[in-house]
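The values are calculated or read from the model by the stated rules, or taken from the named source; none is laboratory data. Computed from a predicted structure; not experimentally measured. Every residue, glycine as well, gets a Cβ built from its backbone with ideal geometry; the counts of neighbours run over all protein chains shown.
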Amino acid sequence: MSPIPHDAEWYRTEYLKSAHWRWLRALRLEFAHHRCEQCGWSHDADSLKAGLQRQRGPLDVHHLVYRELYDVTLADLRVLCRRCHDRKHEWLEWRRLFQRQEDRRCARKLARLLEKKRDARRETRRG
Ligand SMILES: [Zn+2]
Ligand SMILES: [Zn+2]
């Protein structure tokens, strides 16, 4: 399943600026009371005083799952501050790399297994 049904360029320049996304994003931010759902940070006076504004950045709305872009529910989205969002994507990237490694390992295992089976078949035919 492709993560985005359109290309990344279209997604950035068109979709993220569309009325649909702006509406969905605003609704989701409202739903989360304008707080990061990972660390609880918000743009309130306390965090401004604590100097966290620059560190945590603006609040982003992250897609947990990509179905059809126009068929997204509020539960498919997470409100994250920039710091948590960056970490999330670092983790996703790491997991993707790990998954690929695992896939390669599994493919090698499967190849060895099939080879063994083939050898066994040859043995029985000969025997
Ligand atoms: Zn956060
Ligand atoms: Zn994201």
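Looking at Pro58 and the list (1) within 13 Å of ligand 1 (Cβ to nearest atom); (2) at pLDDT 85 or above; (3) not aliphatic (A, V, I, L, M), which single condition is not satisfied?
Condition not satisfied by Pro58: (2).
Pairs needed: first member in region 25-42, over 18 Å from Thr73 (Cα atoms) and more than 14 Å from ligand 2 (Cβ to nearest atom); second member anywhere, of a type in the set (Ser, Thr, Tyr) and modelled with pLDDT under 95; C-beta distance under 9 Å; at least 6 residues apart or different chains.
Arg35/Ser42; Trp41/Ser47
Restricting attention to region 68-127, which residues are of a type in the set (Phe, Trp, Tyr) and touching a residue at least 12 places away in the same chain (Cβ under 8 Å)? Working first, answer last.
If we filter region 68-127 for residues that are of a type in the set (Phe, Trp, Tyr), which is where we start, we get 70, 91, 94, 98.
Tyr70 - this is the single residue of region 68-127 that is of a type in the set (Phe, Trp, Tyr) and touching a residue at least 12 places away in the same chain (Cβ under 8 Å).
Across region 1-20, what is the total count of residues that are of a type in the set (S, T, N, Q) and modelled with pLDDT of 85 or more? Don't jump to the end; show me each part of the working.
Residues of region 1-20 of a type in the set (S, T, N, Q): 2, 13, 18.
Right, trim to modelled with pLDDT of 85 or more and you get 13, 18.
Total satisfying the criteria: 2.
Would you pick out the residues in region 21-49 that are part of a helix (DSSP H, G or I) and at pLDDT below 90? Reasoning before the result, please.
Within region 21-49, the first condition is being part of a helix (DSSP H, G or I), and the residues that meet it are 21-31, 45-49.
Answer for region 21-49, where residues must be part of a helix (DSSP H, G or I) and at pLDDT below 90: Ala45, Asp46, Ser47, Leu48, Lys49.
Does Arg87 qualify as being in contact with a strand residue (DSSP E or B) (Cβ under 6 Å, 6 or more places away or on another chain) and either surrounded by 11 or more Cβ atoms within 10 Å (Cβ to Cβ) or within 19 Å of Arg35 (Cα to Cα) (or both)? Even if it seems obvious, please write down each step before you answer.
On the way: in contact with a strand residue (DSSP E or B) (Cβ under 6 Å, 6 or more places away or on another chain): no; either surrounded by 11 or more Cβ atoms within 10 Å (Cβ to Cβ) or within 19 Å of Arg35 (Cα to Cα) (or both): yes.
No: the conditions fail for Arg87.
State whether the residues of region 7-21 include one that is in contact with a strand residue (DSSP E or B) (Cβ under 8 Å, 6 or more places away or on another chain) and surrounded by 12 or more Cβ atoms within 10 Å (Cβ to Cβ). Walk me through it before giving the result.
At the first step, the residues of region 7-21 found to be in contact with a strand residue (DSSP E or B) (Cβ under 8 Å, 6 or more places away or on another chain) are none.
No.
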